[in-house]
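Bear in mind that the values in this text are calculations on the coordinates, not laboratory data. Here the structure is a predicted model, which means the values were calculated and not measured. Don't worry about glycine lacking a Cβ; one is built from the backbone with ideal geometry, like all the others, and counts go over all protein chains shown.
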Amino acid sequence: MSVRTRFAPSPSGHLHVGGARSALFCWAFAANHGGTFLLRIEDTDQKRSSDAASRGFLEDLAWLGLDWDEGPLWHGRGGGETGPYEQSNRLDIYEQYLSRLVAAGHAYHAFETPEELAEARRLARAEKRAYRYDRAALNLDPDTVAAWLAEGRPHVVRFRVPDDSPIIIQDAVLGEVRVEPGELEDFIIRKADGFPTYHLAVVVDDHLMGVTHVIRGQEHLANSPKHALLQDALGFDRPVWAHVSLIFNPDGSKMSKRDKDKALRAEVRTRGLDSPPEGAEIDEQRWESWLGDKTAQLETEEASRLAGVLGIDLPAINVDDFRRAGYLPEVLLNYLALLGWSPGGDREQFDLAFVRENFGLDRIIKSPAKFDRSKLLAFNLDAIQAMDDDQFVVRLHAFCQDFEPMFLESMTPHQFKLFARANKERSKTFRDPIESGRFFIEQDEVITWPATKAIRKALCKGEPCGFDRLAAVRDLLASAEPWTPAHLESMLTTWADANCDGNLGKIAQPIRVAVSGGPVSPPIFDTLDILGRDAVIARIDRCLASRGELEEAAL
RNA sequence: GACCCCAUCGUCUAGUCAGGUCUAGGACAUCAGGUUUUCAUCCUGGGAACAGGGGUUCGAAUCCCCUUGGGGUCGCCA
């Protein structure tokens, strides 16, 4: 039988790195076995699912290059014989299996309200005992149940957990996992709104879609016995389970899609804010329910607006966060693969093709791993340095198109090309040239020279000082012909030989500060080339004019 | 709290399943030098781990047990 794997996210927010890794492993395992990789949208939670979120997921997956063979239709991907692939479109299917379970006595109707259950849980907790549903509904007489159902009384359907023998599941990563009878309660398989819960939907869909291998995060391990029970009751084969260890934050807590909200809530609390701050654009009611419910999540835009207003950085946990931060998809995938899987030996850097060729369940790592940003960054640096110049130009261009269009609007294509090339060597991410290169696209009049230590050192220190040297080469630059890095270099090198003992830095640094407003730029001759003569001279003149002010500030 | 999972440098890991080749290898980080017109790179070198205790064995990082530590789950979320 051919291998079929599935990635089945619930569309709440963006794809986070843990989900991305699960998707990668599913993809790789299927690809390695010439099988099929399915994508299924688990949108049975009416409160939390949104179309926007599921589009975000698809985009994130596509950006990573993890194409699904079957699943939602999206830009030429997806389709398949076993759809629909959104659970909200499969309700009638679940209903059939649900009736079957009820008819066979494997499931029963229960009428407790959420409030009653919450109270029972609270009580159990107060008495320090483990809470399990008491099966009260099982003792209802059939006529009462029939009457209540007929009058439309709200109810759920619970699965009747057999209490005679232990549940033993085989996990490809963890081995045998055993749960004693009595550890599981009669879990709910259909909610009061008529939607199935995750457990039922997953089991039915995995069966109908022919899923052979379920590779997922270890937070799902405790669900597997429930699924095994449902599969047994329904007469389905069990899939091969492989539970992958969790990804942690550096502080050791589980890296979760709720971390952003957690950080936000903590900041709101410490500041004692009781209403949404100006500029966050969150309405009062939403604010209340978000603050009060620690499982509630703000929309991506709301969250980043709020973070902006509060002046805090949100933790990067979503694929999209890393994309915006200028990481390469292949590097993120490489790093993620390493967090939970190892090809063995000393091999660490590899591409998707390598993962496809070598991935196997047997080398999945059992212990949890902390997400280390600095290693990811080091990998990204290596990948960028391994590109040829033209490739870097193209990819930086694409990045700017998505996130920094100003860089394309403010430069000619030729300038952009020079800009990209000059920056490649010092770029760890696509963000780097953007952040350090703002001065390239700013108007000449916007450049200022604050009296920082580095700027004063370059311009004011010494005899002669940087200003003196700048003044001395100003006309030389104004009349330089041709305006090329090579010619500028030979010109200024000659000048430095004659005027500062061949120490090019003595003149390069004042020029750098003058044209950029700061102490950092690409190599000075490239920088001048990109800016062009007019901007360079205009900036030098303005810088020279600011001399009095700067020297005064230094006193 | 109950149940389940996990345990090699600060971090990710190789080595564990088939015990000796391990005075435990690599990578990131870190420290010390060096290269460099700034920044970033880059080069050289250093320090850094088998959680603890019992077994089994001629021999244990590797097998078993206990302890400790970390984590997950305990939702009409998925």
Can you list the residues, at least 5 places off or on another chain, whose amide H is less than 5 Å from the amide H of A:L246, using H built in the peptide plane? A:Q218, A:A369
With the dipole of region A:170-286 worked out from charges on the C-beta (+1 for Lys and Arg, -1 for Asp and Glu) around the Cα centre, which of A:P239, A:T197, A:A266 lies farthest toward the positive end? A:A266
Helix-only CD estimate at 222 nm, as mean residue ellipticity for chain A, using -39500 (n - 2.57) per DSSP H run (n ≥ 4): -14500 deg cm²/dmol
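Between A:D293 and A:E183, what FRET efficiency follows from the Cβ-Cβ distance if R0 is 45 Å, with the result rounded to 0.05? Kindly include the intermediate steps, with their values, before the conclusion.
Details: r = 28 Å, r/R0 = 0.63.
With R0 = 45 Å, the Cβ-Cβ based efficiency is 0.95.
Subtracting the Cα-Cα distance from 0.36 nm times the residue separation, let me have the gained length for A:R395 to A:R153 in nm, one decimal.
81.2 nm
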Residue pairs, from the table A:K128/A:K254; A:K375/A:K461; A:K262/A:K366; A:K226/A:K254; A:K294/A:K428; A:K191/A:K262, whose Cα atoms sit over 30 Å apart: A:K375/A:K461; A:K294/A:K428
Highest first, please rank the peptides A:136-144, A:545-553 by the mean number of other Cβ atoms sitting within 10 Å of their residues. A:545-553, A:136-144
Degrees between helix A:485-499 axis and first principal axis of chain A (Cα, 0 to 90, nearest 10): 50 degrees
On a 0 to 90° scale, report how tilted helix A:224-234 is relative to the longest principal axis of chain A, with both axes built from alpha carbons and the result rounded to the nearest 10. 40 degrees
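Need one word for region A:259-316: rounded, prolate or oblate. Basis is the Cα gyration tensor (sqrt eigenvalues a ≥ b ≥ c); a/c below 1.5 gives rounded, then a/b vs b/c decides. Don't jump to the answer; show the numbers that get you there.
Numbers: a/c = 1.22, a/b = 1.12, b/c = 1.10.
Rounded shape, in that the Cα axes give a/c under 1.5.
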Binned at 10 Å from zero, the C-alpha pair distances of chain A give percents of 3, 14, 20, 21, 16, 10, 7, 5, 3, 1, 0
Reachable aspartates and glutamates, given that their alpha-carbon falls under 14 Å from the alpha-carbon of A:K424 and they are not under 8 places away in the same chain: A:D382, A:D388, A:D389, A:D390, A:D432, A:E435, A:D526
Note to self: Kirkwood Rh of region A:90-244, Cα pairs, one decimal, Å, is 16.7 Å
Given q = 0.10, 0.19 Å⁻¹, what are the Debye log10 I(q)/I(0) values for region A:45-173, with equal point scatterers placed on the Cα positions and solvent ignored? -0.60, -1.15
Rg and Dmax of region A:1-107, Cα atoms only, in Å: 15.0, 47
What length, rounded to one decimal in nm, is gained on full extension from A:A52 through to A:R77, with 0.36 nm per residue of separation minus their alpha-carbon distance? 7.2 nm
Rounded to the nearest 0.05, what FRET efficiency do A:D134 and A:L381 have when you use their Cβ-Cβ distance and R0 = 51 Å? 0.30
Shape call for region A:462-545, from the Cα gyration tensor axes a ≥ b ≥ c (a/c under 1.5 means rounded, otherwise prolate when a/b beats b/c, else oblate), comes out rounded
Computed lengthening from A:R125 to A:E552, 0.36 nm per intervening residue step minus Cα-Cα distance: 146.8 nm
